[in-house]
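Coordinate-derived values only; no laboratory data. If you're wondering where the values come from, they're calculated on a predicted model, not measured in any experiment. Reconstructed Cβ throughout: ideal geometry from the backbone, glycine too, with neighbour counts over all protein chains shown.
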């Protein structure tokens, strides 16, 4: 049989589609491809409307069967005339859409599915929902993603969970670690010198933040009262605005401000990084333009000198001082030159401010201070690029390979014991503004009086763009920092992989319950691996949550960026429990991956999770049904059900799991073994392939030929 596999999201656009509707269907296609290759010939199609019928006619002329396997929701099924269509549906609600709205009959899945030969779902729950609407005789198969074999390498490398030493993984992106911050109701201050947890760089274009009531941007405000319809008042003598981008160079911003009481006309100071500007605000709404020249990257706007004391006899009893309505980031009056980039990294040159994880420059150059140092270029570069760098190795780095990266491209070099001039070529399809290094080994300085650890030394960097920039993608992607960082995990580790913009993933409840359960424990970590391409899609919510939570000793780590297979496998091995608190699940591939490697789960028993979770392999979290909307229904009417996860039960599950892990290790090991055994039976490729083959032979035309 010939299988035409299709997904609206494909290898060409997945990078800018993470977190977008249907992005997960691309990964489903990748997972199922091996099963379909066992059953016949697989062809990937990008435009089924123009390709599917022609391929079907060719196969039929050769006496072969052909079917289009469409990994997409029914309302988005491609229109073909002759080729049979089988949708693969990820669905997590008890009722499928059976109404028409917006003038589109395809929103009614009965219309879309009636033209399909049959349907493949990922769970018994979804299959029952389809049959409930389409009739008990409608051909539906429930089959999981066949990932058991893919996880074999991770299983064979053994288990690092529970080891006392910290195990490091490499993250290509941003790491938000609560241990790097001073937290409180009025502040969220980063102790890392250059806020390397910001993944996205300012692209030089105009951007606006709105701080009025109900705006998601209000989470950027630190030290303010809750927003009102006009904006928000400060609550103490200094406030911060956490920008979602890392800024440097010439920056201009326009703020809509007002002042109260003694603060009207009061001299204030606005600071951005290491640059400061005077600020005086009147009583009404005023626009203030601030211009900064940043020698070091920054993302926190800081206003100080506010007098928060209430006025005697005034009706307003709060400690308000300065109000803000909006902030606009404006392109610099003069755009940075597109000429060659030349950086001198020696003492006395301003370029030293662009260095991250390096020691202060000396007369000859500068030494690295960590295993993953990096520097920010004065502007993004793109296209064919030549890099020239003066580099020297120290101690173990001499004649040892290290990796250069510029944006997402890498190159391996071998430093010498003396300064060498290297010339490297890169081809950058996307803008890149960070030059970094991985694999650097730091050793104590040779002089006993020198307390530093040293790795590699740089004295100069030169970059020339040889070709015109590559045409930007549509839609344009943010300029990513592509900073590679090492993350150490120790103690008891709980992990969850989720899309923060999907409300069903419930990550705010997850963090809140974790921080309550382990408020007095420093040896417990919750790691959230975010699967959205835009960090700013959730960073404000994270800021706001950190301010609202009571003081806690446990550690929360948010990873935004890429983990390669080795580091993702290392994360699995270093994890003790996987946590899922979703309101509904179509399947949850990450949970299955971790369970396939012997990791027990904390999760509710509902929707697709009912197919593979039980008391032997997981700790149950209570949940009850509640009304909800269909995800693609812009009317937002309540037509189906999801599950309300109990916060109290989640706290109890965390505490119970910790007790089992530390006080009854044999029970923990039995749970891990049961998790792996369940996945071996549930999602092995042999069983999945056999199920699909038998189902399609029976359901498709010509199956008995």
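If R0 is taken as 51 Å, the Cβ-Cβ distance between residue 104 and residue 445 corresponds to a FRET efficiency of 0.15. The largest-to-smallest principal axis extents of the Cα set in region 202-330 are 47, 30, 20 Å.
Helix 539-548 sits at what angle to the longest principal axis of the chain, using alpha carbons and giving 0 to 90 degrees rounded to 10? Long axis of 539-548 versus the principal axis of the chain: about 70 degrees. Size check on region 268-378: the Cα extents along the three principal axes, sorted descending, read 63, 31, 23 Å.
Taking 0.36 nm per intervening residue step and subtracting the Cα-Cα distance, what contour gain separates residue 360 from residue 264 on full extension?
30.4 nm
In this simple spin-label approximation, residue 521 and residue 614 carry label points 7 Å from Cα along the Cα→Cβ vector, and these lie 2.8 nm apart. Size descriptors for region 341-482: radius of gyration and Dmax over Cα atoms are 15.4, 56 Å. Between region 212-249 and region 524-600, the alpha-carbon centres lie 26 Å apart. If R0 equals 60 Å, the separation of the Cβ atoms of residue 464 and residue 698 corresponds to a calculated FRET efficiency of about 0.40. Taking the longest Cα principal axis of the chain as reference, the axis of helix 647-663 is set at about 90 degrees.
Site pair residue 347 and residue 39 shows an inter-label distance of 7.1 nm when each label is modelled 7 Å from Cα along Cα→Cβ. Reported value for the chain: 195 Å³ per residue, from the convex hull of its C-alpha atoms. With each label modelled as a point 7 angstrom along the Cα→C-beta vector, the residue 328-residue 307 pair spans 3.2 nm. The angle separating the long axis of helix 507-517 from the principal Cα axis of greatest extent in the chain is about 70 degrees. Can you give the FRET efficiency to the nearest 0.05 for residue 226 and residue 395, using r as the Cβ-Cβ distance and R₀ = 56 Å? About 0.55, to the nearest 0.05. For region 568-691, the convex hull spanned by the alpha carbon atoms encloses 126 Å³ per residue.
Note on residue 662 and residue 206: the extension gain reaches 158.9 nm, defined as 0.36 nm multiplied by sequence separation minus the Cα-Cα distance.
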